[in-house]
Amino acid sequence: MISDPTRPILLVEDNPVDLDLTLRAFAHHNLASPIQVARDGQEALDWIPRWEAGETLPLVILLDLKLPRVDGLDVLRRLREHPVSRDLPVVVLTSSSEDRDVKAAYGLHANSYIVKPVNFEKFMDVAAQIKLYWLLINHLPE
């Protein structure tokens, strides 16, 4: 299935500065998909019953690791354990470049791991690449 621009992106981010930066970068690149925001790990997990009830599944989940209430690795683990979210693409988008975090995320079947650039222009490039690959090139099952 070619990516459906009406399907949302779920952005799981607690840092208001990073959240604003991500939203501005996507707006700059004219992202057609709506952005849904979860501001901590529990808010991300609260989407599971909503998806079970028939709300539209996201095209991709952009997941920070350092989150309050439920950390990102636990969110990823629980998403992968649940049938409704098991196959959703999850891109870890985090400031951590620690090897143990990278290994743990891939061990929990993250689809990609991106370290957030601190420079705004570089972050704009990352947003463009996310849009290009996950929303335009990548094909999802029906």
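The values are calculated or read from the model by the stated rules, or taken from the named source; none is laboratory data. Note that this is a predicted model, so its numbers are computed, not measured. We place every Cβ from the backbone using ideal geometry, glycine too, and count neighbours over all the protein chains shown.
Below is a table of values for the structure above.
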item: Those residues of the range 96-142 which are of a type in the set (Lys, Arg), without any contact (Cβ under 8 Å) to a residue 12 or more places away in the chain and either closer than 23 Å to ASP71 by Cβ or touching a strand residue (DSSP E or B) at 6+ places or on another chain (Cβ under 7 Å) (or both), in sequence order; result: ARG100, LYS103
item: Lone unmet requirement of (1) in contact with a strand residue (DSSP E or B) (Cβ under 8 Å, 6 or more places away or on another chain); (2) in contact (Cβ under 8 Å) with a residue 24 or more places away in the chain; (3) under 12 Å from VAL12 (Cβ atoms); (4) surrounded by fewer than 17 Cβ atoms within 10 Å (Cβ to Cβ) for LEU63; result: (4)
item: Matching residues in the range 14-45 - criterion: being surrounded by 12 or more Cβ atoms within 10 Å (Cβ to Cβ), farther than 15 Å from ALA127 by Cα and of a type outside the set (A, V, I, L, M, F, W, C); result: ASP14, ASN15, GLN36, ARG39, ASP40, GLY41, GLN42, GLU43
item: In the range 76-87, residue surrounded by the most Cβ atoms within 10 Å (Cβ to Cβ) [restricted to those that are among the hydrophobic types (A, V, I, L, M, F, W, C) and out of contact with any Leu (no Cβ under 6 Å at 6 or more places or on another chain)]; result: LEU79
item: Selection status of ARG7, touching a residue at least 40 places away in the same chain (Cβ under 8 Å), basic (Lys, Arg) and closer than 29 Å to PHE120 by Cβ; result: yes
item: Qualifying residue in the range 123-135 (condition: touching a Leu at 6+ places or on another chain (Cβ under 7 Å), over 26 Å from ARG24 (Cβ atoms) and outside any loop (DSSP other than H, G, I, E, B)); result: no
item: Among (1) under 16 Å from GLU13 (Cβ atoms); (2) within 13 Å of the chain's Cα centre (by Cα); (3) of a type outside the set (Gly, Ala, Ser); (4) part of a loop (DSSP other than H, G, I, E, B) - the single one VAL92 does not satisfy; result: (4)
item: Of all residues in the range 100-122 being outside any helix (DSSP H, G or I) and of a type in the set (Ser, Thr, Tyr), the one that is modelled with the highest pLDDT; result: TYR113
